[in-house]
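Read-outs throughout are calculated quantities, based only on the coordinates presented, and are distinct from any laboratory measurement. Here the structure is a predicted model, which is why all the values come from computation and not from measurement. Cβ coordinates were reconstructed from backbone atoms using ideal geometry, including for glycine residues, and neighbour counts include every protein chain displayed.
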Amino acid sequence: MAFLGEDRVKCLLDDAHTTTQHDRERLSRDVDDLDEKYFVIVEQYDGLDGGGEALTWFHKARAAAALLYSLDSDAVQGFCETLYEAQAATDDLAGLKALCRR
C-alpha cells in the first residue's frame, strides 16, 4: 500500500495508535479519489481499458477501503466489510484465507 505512504499505513495499523476521526476522513477521501480515477478511465474507454490501468486503480481503492474498514474491525460488520474489500483488491485468495486463520 505504498500509494498511501508506508509510514502512514504502519502508523494506522500500529496497536499503540489510536485512530482519530481525521485519520478516517483522510482515508475515506483517499478511497473516493482512487475510485474516481477508476471511474474516469472506465468512462473514457467505455469499460474496455485494454492496458489494465482501471483495474489497478480499482484494486488500490479496494485495498484502501479494506484498511478504512479495518480501523473499526472490532465490529463484526466492519470486519466483514474489510474482508469483502480485501478480496476485491487481490488475486491471492489463499493468502487472504491464511491471514484470516491467524
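Expected output is a single nm value to one decimal: the length gained when fully extending between residue 25 and residue 56, i.e. 0.36 nm times separation in residues minus the C-alpha distance. What is it?
That works out to 8.9 nm of additional length.
Suppose every K and R has +1 on its Cβ and every D and E has -1 on its Cβ; what is the size of the dipole of the chain about the Cα centre, in Debye to the nearest 20?
Dipole about the Cα centre, nearest 20: 400 debye.
For residue 91 paired with residue 17, estimate the spin-label separation in nm (one decimal), with each label point 7 Å from Cα along the Cα-to-Cβ line.
About 2.9 nm separates the two model spin labels.
Report, in degrees rounded to the nearest 10, the 0 to 90 angle that the Cα long axis of helix 76-89 makes with the longest principal axis of the chain.
Helix 76-89 sits roughly 40 degrees off the main axis of the chain.
What FRET efficiency comes out for residue 3 versus residue 100 if R0 is 22 angstrom and r is the Cβ-Cβ distance? Round to the nearest 0.05.
0.40
So how tilted is helix 53-70 from the main axis of the chain? Cα-based, degrees 0 to 90, rounded to 10.
Taking Cα atoms only, the helix is inclined about 20 degrees.
Taking a quarter of the surface of the Cα convex hull of the chain, what do you get in nm²? Mind showing how you got there, number by number?
Working: hull surface 28.7 nm².
It is 7.2 nm².
Once phi is turned into θ = phi - 60°, what whole-Hz ³J(HN,Hα) does the Karplus curve with 6.51, -1.76 and 1.60 give for every residue of region 91-99, x standing for Gly and Pro?
9, 8, 5, 5, x, 5, 4, 5, 5
If each of residue 80 and residue 40 carries a label point 7 Å out from its Cα toward its Cβ, how far apart are those two points in nm?
Label at residue 80, label at residue 40, 3.5 nm between them.
Which residue, 88, 64, 16, has the most motion in a Gaussian network model of the chain that connects Cα atoms within less than 10 Å?
Maximum fluctuation in the GNM of the chain, among the listed residues, is at 16.
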